[in-house]
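What follows is calculated from the coordinates using simple rules that are stated; it is not laboratory data. Because the structure is a prediction, the values reported are computed rather than measured. Quick reminder, even Gly has a Cβ in these numbers, built from the backbone with ideal geometry, and neighbours come from all protein chains shown.
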Ligand code: SAH
């Protein structure tokens, strides 16, 4: 299979156009959770986080790590068990509750005074805090800043029209020199409407390049039957390391 067009950037620009206008509403995300339509969830956790854990931690312990658009990602439990403090944000209360119940973690819930209608679910041990609200309602004055970010199924789930806003918010939430691991996906965007959306490398540079050093760490084949059913014939995951420098 020839992915050279993608690798060289030839697929970019015009071909992304077909996804540019697409909007997935919060209501649609809630429905996906209600219907159990959550093929994005990885029961076993993500191999790239396992592989690049040292890059995320960079020899440090007791970090504050942020999971944007967290779903019920099991990696939150991994990191908490290693002694880090995990904060996630997720629009679906069902997802948040499933996270705690599937890991048999007792939790308490409380309103977030700054955000109308938002709730914060916190493990009784105190090291996992999941905000149930839209990420756009958060700011560093509410949740503080982070030493590390695991962004998988997050930027690629954000509506294309909201990407700049999302990137600016993320940059405002990370401490300088912290490690932001970003996983994007690459496939022919003319064959699948997303999410996940195809975010080309050129756009990563536009979104983050002003403030961050960007390094592509790995591209891995992640093609599966699910992607074949979408009509695709290749599907890659691309891992970047972003370091906020400015
Ligand atoms: N990162 C998770 C989930 C990926 S799917 C994983 O790797 O499994 C994207 C998730 O974002 C969904 O669970 C959806 O409910 C949530 N979401 C969508 N828009 C959101 C928003 N504006 N704020 C917070 N969560 C949102």
Query raised in the report: Just the Cα atoms of segment 103-246, one point each, no solvent: what log10 I(q)/I(0) does Debye give at q = 0.18 Å⁻¹?
Result: -1.11
Report summary line: Note to self: C-alpha centroids of segment 85-129 and segment 30-73 sit apart, in Å, by 15 Å
Query raised in the report: Where a ≥ b ≥ c are the square roots of the eigenvalues of the C-alpha gyration tensor, would you call segment 175-217 rounded, which needs a/c under 1.5, or, failing that, prolate if a/b is larger than b/c, or oblate?
Result: prolate
**Report entry** the chain, helix-only ellipticity at 222 nm - DSSP H runs n ≥ 4, -39,500 (n - 2.57), divided by all residues, nearest 500
**Finding:** -7500 deg cm²/dmol
Query raised in the report: So what's the angle, to the nearest 10 degrees on a 0 to 90 scale, between helix 26-35 and the longest Cα principal axis of the chain?
Result: 80 degrees
**Report entry** Linear extension gain, residue 165 paired with residue 25, 0.36 nm per residue minus alpha-carbon span
**Finding:** 48.8 nm
**Report entry** Geometric extent, Cα atoms of segment 142-196 - Rg, Dmax (angstrom)
**Finding:** 12.9, 40
Query raised in the report: If the viscosity is 0.692 mPa s and the temperature 37 °C, what Stokes-Einstein diffusion coefficient in µm²/s follows for segment 105-179 when Rh is the Kirkwood radius over Cα pairs?
Result: 240 µm²/s
Requested in this report: Using only Cα atoms, locate the centre of segment 215-246 and the centre of segment 144-212, then give the distance between them in Å, rounded to an integer.
Outcome: 12 Å
Requested in this report: Using only C-alpha atoms and all pairs of different ones, pull out the Kirkwood radius for segment 92-149 in Å with one decimal.
Outcome: 12.1 Å
Report task. Per residue, how big is the convex hull around the C-alpha atoms of segment 177-246? Give it to me in cubic angstrom, could you? Result -> 80 Å³
Requested in this report: With an 8 Å cut-off on Cα pairs and a minimum separation of 6 or more residues, tell me the relative contact order of the chain in percent.
Outcome: 19 percent
Query raised in the report: Over segment 45-89, how many percent of alpha carbon pairs lie in each 5 Å bin up to the one with the longest distance?
Result: 5, 22, 33, 30, 9, 1
Query raised in the report: What distance in nm separates the simple spin-label points at residue 81 and residue 93, each placed 7 Å from Cα in the Cβ direction?
Result: 2.9 nm
Report summary line: Rounded to one decimal in nm, the spacing of the 7 Å Cα→Cβ label points at residue 134 and residue 206 is 2.2 nm
Query - Quotient of C-alpha Rg and 2.2 N^0.38 Å, computed over the chain - result: 0.98
**Report entry** Alpha-carbon radius of gyration plus Dmax, which is the widest Cα pair, for segment 9-98 in Å
**Finding:** 16.4, 45
